[in-house]
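This report refers to the structure that appears directly beneath it.
The values are calculated or read from the model by the stated rules, or taken from the named source; none is laboratory data. Just so it is clear, the structure is predicted and the values come from calculations on it, not from any experiment. A quick note on method: Cβ atoms are made from the backbone with ideal geometry, for glycine too, and the neighbour counts reach across all protein chains shown.
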Amino acid sequence: MSATLLKTIVLLSISNLFMLFAWYGHLKNLSSKPWIIAALISWGIALIEYLFQVPANRIGFTQFNLAQLKILQEVITLAVFVPFAIYYMQQPIKLDFLWAALCLMGAVYFIFRS
């Protein structure tokens, strides 16, 4: 695995973790607060997300094209989302997670083949 790919994956993984909390964490933690409070807190979390996402894409773009970066990000999103949904948000495990992962594996194959 190249250093560029590893840096991109690590930064996108951190970015996605913050993204999930910005997008969905308020549903668990701030449900009793007005939506504007949840939005402001989510924007703050999203700022942290972008501090990882922007460098990740800049680093990744030195080796990968735009479509490859997007598919990589989607795979990482699912890999981070499933544990977040199950462990943090207490959602049931679904077979649909497997089907989605298999679809993404197909996307990875087609976008990264020569």
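For the stretch 57-67, how many residues meet the condition of being surrounded by fewer than 16 Cβ atoms within 10 Å (Cβ to Cβ) and under 17 Å from ALA3 (Cβ atoms)?
Number satisfying all stated conditions: 4.
If you go through the stretch 24-63 and keep only what is among the aromatic types (Phe, Trp, Tyr) and in contact with a Ser or Thr (Cβ under 7 Å, 6 or more places away or on another chain), you end up with just PHE52.
Find the helices (runs of 4 or more DSSP H) located wholly in the chain whose residues include 1 or more that are acidic (Asp, Glu) and modelled with pLDDT under 95, and list them. Steps first, answer last, please.
Numbers: elements: 3-20, 26-29, 35-60, 66-83, 95-112.
Those helices (runs of 4 or more DSSP H) span 66-83, 95-112.
Scanning the stretch 88-107 turns up no residue that is crowded, with 17+ Cβ neighbours inside 10 Å and of a type in the set (Phe, Trp, Tyr). Being more than 22 Å from ARG113 (Cβ to Cβ), surrounded by fewer than 19 Cβ atoms within 10 Å (Cβ to Cβ) and hydroxyl-bearing (Ser, Thr, Tyr), is that true of even one residue in the stretch 14-23? Within the stretch 14-23 (the criterion being more than 22 Å from ARG113 (Cβ to Cβ), surrounded by fewer than 19 Cβ atoms within 10 Å (Cβ to Cβ) and hydroxyl-bearing (Ser, Thr, Tyr)), the answer is no, since none of the residues qualifies. If only residues of the stretch 45-56 that are touching a residue at least 40 places away in the same chain (Cβ under 8 Å) and more than 11 Å from MET19 (Cβ to Cβ) are counted, the one that is surrounded by the fewest Cβ atoms within 10 Å (Cβ to Cβ) is PRO55. Tallying residues that are over 18 Å from ALA22 (Cβ atoms) and touching a Leu at 6+ places or on another chain (Cβ under 8 Å) within the stretch 60-107 yields 11. From ALA38, ALA3, ALA22, ALA67, grab the single residue that is of a type in the set (Gly, Ala, Ser) and within 15 Å of the chain's Cα centre (by Cα). Being of a type in the set (Gly, Ala, Ser) and within 15 Å of the chain's Cα centre (by Cα) holds for just one of ALA38, ALA3, ALA22, ALA67, which is ALA22. Under the condition of being under 20 Å from PRO83 (Cα atoms) and among the hydrophobic types (A, V, I, L, M, F, W, C), the residues counted in the stretch 7-50 number 15.
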